[in-house]
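The values are calculated or read from the model by the stated rules, or taken from the named source; none is laboratory data. Everything numeric in this text was worked out from a predicted model, so none of it was measured. Note: ideal-geometry Cβ built from the backbone for every residue, glycine included; neighbour counts use all protein chains shown. Surface accessibility is based on the protein's heavy atoms, side chains included, excluding ligands, DNA and RNA. Shrake-Rupley method; radii C 1.70, N 1.55, O 1.52, S 1.80 Å.
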Amino acid sequence: MKLELGNIYIKDIQFTEGEAKIDDHILYVNKEAAAAAALGEEEHLASVSFDIAKPGESVRITPVKDVIEPRVKVEGRGGIFPGVIAKVDTVGSGKTYCLKGMAVVTAGKIVGFQEGVIDMSGEGAKYTPFSQTLNLVMVCTPVEGLKQHEYEAAVRFAGFRLATYIGELARDLTPDDTKVYETYGIMEGKEKFPNLPRVAYVQMLQSQGLLHDTYVYGVDAKKTLSTIMNPTETMDGAIVSGNCVSACDKNPTYVHENNPVIADLFEEHGKTINFVCQILTNENVYLADKMRSSDWTAKLCRLLDLDGIILSQEGFGNPDTDLIMNCKKIEAEGVKTVIITDEYAGRDGKSQSLADADVAADAVVTGGNANQVVILPKLDKVIGTMDYITKIAGASEETLRADGTLEVELQVLTGATNETGFNKLSAR
Amino acid sequence: MAKIKVVHYINQFFAQIGGEEKAEYPAELRVGEVVGPGQALMQTFGDEAEITATIICGDSYFNENLDKAKAEIVAWVKEQKPDVFVAGPAFNAGRYGVACGTICDAVQEELGIPAVTGMYEENPGADMFKDKVYTIATANSAAGMRKAAPLVAKLALKLAKGEKVGASVEEGYMPNGVRVNFFEEERGSKRAVKMLLNKLADKPFVTEYPMPSFDHVAPNPAVKDITKAKIALVTSGGIVPKGNPDHIESSSASHYGEYDIAGVMDLTAETYETAHGGYDPVYANEDPDRVLPVDVLRDMEKEGKIGELHHLFYTTVGNGTAVASSKAFAEEFSKKLLADGVDAVILTST
């Protein structure tokens, strides 16, 4: 399967009373048209409002729900976010344009305890990757009396509708640069790269339920068996986030679209490795599910005659057991495994970092200790609301200090200790 | 600004007094003198710091007169009032390494003065002290001095100035059980791909998180006659008398509670609750027996299925609580359980 990604670099976002468009790398947003596109026929949102946050500004966005990169499919089967926005059809081939340097951020009144903070400047900006993107922020207001899971779904869909609408503005543009990604059928790949080790990416998807969910082609991941995909499918939005798990190590939809493990394995594809495919598995809470899913992951690794895999986690605590089960069973099949995780070693860094361990997990990359305390400065402007800042996971009653600064764990910062290796943060 | 004051500890060999034949050399304080490897440290200290005194001690003397030597040296360091204490580096010299670790630990503990040493990773002093004293990892012989001395000196300056100490890979000290964040040169996914390529090629690679060795507790033999056994309940599910009288934290608990359930037949929403912050508490608060099954055990007691339910239960919150704390709690209350003649424990989690 072959996909050409065309990048269009956005250098500024501005509001306009006129027609929405992308002109000379500037995105012009008409608020009314954007609101209409985002709301669609949604009955659970009373209103949405828009704001723009730029790198370096004294701006804090909170509570942040999701971050999404607008994309548009210009050639080939299907459309962006298949089974969610576009009709169900196999994506991952043809041509797709991506709006680089920007993101759609959904925010507003808290859904669960586990939404995040994006600071565009100061100490927090060093940790969240979304301090580096031009952010079109949509603040959502739910209708009265809405249940949390209904509200979550409403905000999730509004974000995808808005991102799709923005992506469509790029349909007739010419990309600034393009890159081609191609994977091969099992026999085809073996013939093409007879001497290269066969490698796959095993991605664990957050699926603990109760607002900890991920969707694949629109299917709730907790109701799936481990499965295989072409890695290019993720680039067309085949996996989306429906998560309210701790902000630092959940994967916003942006991370799925731009999965760095996939990008870095493609860099080696055909040179040092044969990047065979992506394997998806879930992180359910029941022991039987954990056993079944990890059995299947190991079985697929063997069936595909893999030599090595990279295994990434999402979330922490309970999923640490899935991580170790997967690693143990895959290694036991003779498939060399490297895992990517993050740590909860306590504020003092002295505790055991994971809730589970095994000698088979001898090759670990870490995204850092999420319990590390940081002091975030008082910023001039808040997009969203500070009403819930003490309730977000990683904050406490003592978070808001007398001088207006915030004492929080890295946990509160969206994407800070990402477990797909999105960042440079680590720990020893 | 006044220069940072450093007191430096070395053995008889590095003081050029002699080798093994002079290992009985007693502890000696040389005020105002920079001796041997002290010169190498001074090069890195520059104008920022100076060695105001050097303490020399024979390795055998130190180890054979441990208490006396330690007391003498600590007293001298106290008198010299340094901002930081440096010992070694000891490379692969075993007794020297143990002496460096011992004296650094004593200076930190007794005087509150920060200390740093350096040695080879297989030096027995490393295993004994690397978790207590910053220990720069060095080569296995004094040929590694040129590389080790600047690392020791830089870390000493940081400690003296009270600056934040970076991660072990940044500063060059041996991992000491404290995880410290820092920014790598490459993103995590790139590091993972490189690690995998090395692993596939059977080339060496270094994991970023060595797996801890988990304690494996062998199960005790089965209780011989459960109908005669005295059973106690212990939980990490946070069940406490209503109002949480001992203020057990909802996360990262600092203590456990001991509560009397003599005569209590059933835990109710009015009398008990959970202090645990890591799970939805609704069902535990509605009926705390769901986490701490007092009601069922009372039934079994009545039916003669067990001997008796112990009148005390022990409880804490497992959420985010350090393993070290859990272990300390259990070590303490296990003794109480044994003293009370308890035959078996039902440990419930959430």
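Considering only residues that are in a helix (DSSP H, G or I) and either facing chain A (nearest Cβ under 10 Å) or basic (K, R) (or both), which ones fall in segment B:136-188?
Residues of segment B:136-188 in a helix (DSSP H, G or I): B:142-161, B:168-171, B:188.
Result: B:R146, B:K147, B:K154, B:K158, B:K161, B:S168, B:V169, B:E170, B:E171, B:G188.
Looking at segment A:42-61, which of its residues are open to solvent by less than 40 Å² (accessible area, probe 1.4 Å) and hydrophobic (A, V, I, L, M, F, W, C)?
If the condition is that a residue be open to solvent by less than 40 Å² (accessible area, probe 1.4 Å) and hydrophobic (A, V, I, L, M, F, W, C), then A:L45, A:V48, A:F50, A:I52, A:A53, A:V59, A:I61 are the ones that fit.
Considering only residues that are surrounded by fewer than 23 Cβ atoms within 10 Å (Cβ to Cβ) and part of a helix (DSSP H, G or I), which ones fall in segment B:81-97?
Hits for segment B:81-97 are B:G94, B:R95.
Which one is nearest to B:V223 (Cα to Cα), of the residues in segment B:317-347 that are open to solvent by less than 80 Å² (accessible area, probe 1.4 Å), at pLDDT 95 or above and outside any helix (DSSP H, G or I)?
Only one residue tops the list, namely B:A344.
Pick out the one residue from A:K424, A:K381 that is farther than 30 Å from A:K328 by Cβ and either away from every other protein chain (no Cβ under 12 Å) or in contact with a Lys or Arg (Cβ under 6 Å, 6 or more places away or on another chain) (or both). Give the derivation first.
On the way: A:K424 fails: farther than 30 Å from A:K328 by Cβ.
Only one candidate qualifies: A:K381.
Among the candidates A:G237, A:G270, which residue alone is open to solvent by 20 Å² or more (accessible area, probe 1.4 Å), small (G, A, S) and at positive phi? Outline the logic, then answer.
On the way: A:G237 fails: open to solvent by 20 Å² or more (accessible area, probe 1.4 Å).
After ruling out the rest, the residue left standing is A:G270.
Please state which one of A:K100, A:K31 is surrounded by 15 or more Cβ atoms within 10 Å (Cβ to Cβ), within 20 Å of A:K381 (Cβ to Cβ) and not aromatic (F, W, Y). Reasoning before the result, please.
Details: A:K100 fails: within 20 Å of A:K381 (Cβ to Cβ).
None of the other options fit; the residue is A:K31.
Looking at B:V180, B:V193, B:V234, which is the one that is in the same structural domain as B:L309 (by TED's automatic domain parsing), in contact with a helix residue (DSSP H, G or I) (Cβ under 9 Å, 6 or more places away or on another chain), open to solvent by less than 80 Å² (accessible area, probe 1.4 Å) and β-branched (V, I, T)? Give the steps one after another, and end with the answer.
Values: B:V180 fails: in the same structural domain as B:L309 (by TED's automatic domain parsing); B:V193 fails: in the same structural domain as B:L309 (by TED's automatic domain parsing).
None of the other options fit; the residue is B:V234.
Take segment A:384-406 and flag every residue that is under 24 Å from the mean Cα position of the chain (by Cα), more than 11 Å from chain B (Cβ to nearest Cβ), among the aliphatic types (A, V, I, L, M) and not in a loop (DSSP other than H, G, I, E, B).
Residue satisfying the conditions is A:A395 alone.
Does segment B:65-73 contain any residue that is among the polar types (S, T, N, Q), farther than 25 Å from B:P150 by Cα and open to solvent by 10 Å² or more (accessible area, probe 1.4 Å)? Can you show your working first?
We begin by selecting, within segment B:65-73, every residue among the polar types (S, T, N, Q); these are B:65.
Checking which are farther than 25 Å from B:P150 by Cα leaves us with B:65.
Now drop any that are not open to solvent by 10 Å² or more (accessible area, probe 1.4 Å), which leaves B:65.
For segment B:65-73, residues among the polar types (S, T, N, Q), farther than 25 Å from B:P150 by Cα and open to solvent by 10 Å² or more (accessible area, probe 1.4 Å): present.
Residue check: is B:V34 in contact with a His (Cβ under 8 Å, 6 or more places away or on another chain), touching a residue at least 12 places away in the same chain (Cβ under 8 Å) and not basic (K, R)? Let's see the steps before the verdict.
Numbers: in contact with a His (Cβ under 8 Å, 6 or more places away or on another chain): yes; touching a residue at least 12 places away in the same chain (Cβ under 8 Å): yes; not basic (K, R): yes.
It is true that B:V34 is in contact with a His (Cβ under 8 Å, 6 or more places away or on another chain), touching a residue at least 12 places away in the same chain (Cβ under 8 Å) and not basic (K, R).
Against the definition (surrounded by fewer than 23 Cβ atoms within 10 Å (Cβ to Cβ) and at pLDDT below 95), how does A:G116 come out, yes or no? It would help to see each step written out before you state the result.
Details: surrounded by fewer than 23 Cβ atoms within 10 Å (Cβ to Cβ): no; at pLDDT below 95: yes.
Here the answer is no, as A:G116 does not meet what is asked.
Just give me the residues in segment A:346-378 being of a type in the set (A, V, I, L, M, F, W, C) and either more than 8 Å from chain B (Cβ to nearest Cβ) or in a loop (DSSP other than H, G, I, E, B) (or both), in sequence order.
Let us first name the residues in segment A:346-378 that are of a type in the set (A, V, I, L, M, F, W, C), namely A:354-355, A:357, A:359-361, A:363-365, A:370, A:373-376.
Within segment A:346-378, A:L354, A:A355, A:A357, A:V359, A:A360, A:A361, A:A363, A:A370, A:V373, A:V374, A:I375, A:L376 meet the criteria.
For the subset of segment B:190-219 comprising residues that are under 32 Å from the mean Cα position of the chain (by Cα), among the small types (G, A, S) and not in a helix (DSSP H, G or I), which member is nearest to the other protein chains (Cβ to nearest Cβ)?
The extreme case among them is B:S213.
Between a residue in segment B:153-171 that is buried (at least 22 other Cβ atoms within 10 Å of the Cβ) and any residue that is part of a helix (DSSP H, G or I), which pairs come within a Cβ distance under 6 Å, given they are 6 or more apart or on different chains?
B:A153/B:L41; B:A153/B:T44; B:A153/B:F45; B:L155/B:E171
For segment A:231-345, please list each of the strands (runs of 3 or more DSSP E) lying entirely inside it that holds at least 1 residues being within 10 Å of chain B (Cβ to nearest Cβ) and β-branched (V, I, T). Quick ask: steps written out before the conclusion?
Details: elements: A:239-243, A:274-283, A:308-312, A:336-343.
The qualifying strands (runs of 3 or more DSSP E) are A:308-312, A:336-343.
Evaluate the following for A:T414: is it more than 7 Å from chain B (Cβ to nearest Cβ), open to solvent by less than 10 Å² (accessible area, probe 1.4 Å), among the hydroxyl-bearing types (S, T, Y) and free of Cβ contacts under 8 Å to residues at least 40 places away in the same chain?
Details: more than 7 Å from chain B (Cβ to nearest Cβ): yes; open to solvent by less than 10 Å² (accessible area, probe 1.4 Å): yes; among the hydroxyl-bearing types (S, T, Y): yes; free of Cβ contacts under 8 Å to residues at least 40 places away in the same chain: no.
Against the criterion (more than 7 Å from chain B (Cβ to nearest Cβ), open to solvent by less than 10 Å² (accessible area, probe 1.4 Å), among the hydroxyl-bearing types (S, T, Y) and free of Cβ contacts under 8 Å to residues at least 40 places away in the same chain), A:T414 does not qualify.
Quick check on my filter: what residues within segment B:49-63 are assigned to a helix (DSSP H, G or I), more than 27 Å from the chain's Cα centre (by Cα) and more than 10 Å from B:A27 (Cα to Cα)?
B:S60
Scan segment A:334-359 for residues that are buried (at least 17 other Cβ atoms within 10 Å of the Cβ) and either among the hydrophobic types (A, V, I, L, M, F, W, C) or over 25 Å from A:P260 (Cβ atoms) (or both) and jot them down.
At the first step, the residues of segment A:334-359 found to be buried (at least 17 other Cβ atoms within 10 Å of the Cβ) are A:335-346, A:349, A:351-354, A:356-357.
Matches in segment A:334-359: A:V335, A:V338, A:I339, A:I340, A:A345, A:G346, A:G349, A:S351, A:Q352, A:L354, A:A357.
Mind listing whichever residues of segment B:301-316 are in contact with a strand residue (DSSP E or B) (Cβ under 9 Å, 6 or more places away or on another chain) and open to solvent by 60 Å² or more (accessible area, probe 1.4 Å)?
B:E308, B:H311
For residues that are open to solvent by 10 Å² or more (accessible area, probe 1.4 Å) and more than 30 Å from A:I392 (Cα to Cα), tally how many sit in segment A:241-263.
Total meeting the criteria: 1.
Hey, B:A222 hits all of (1) at pLDDT below 95; (2) within 11 Å of chain A (Cβ to nearest Cβ) but one; which does it fall short on?
Against the list (1) at pLDDT below 95; (2) within 11 Å of chain A (Cβ to nearest Cβ), B:A222 comes up short only on (2).
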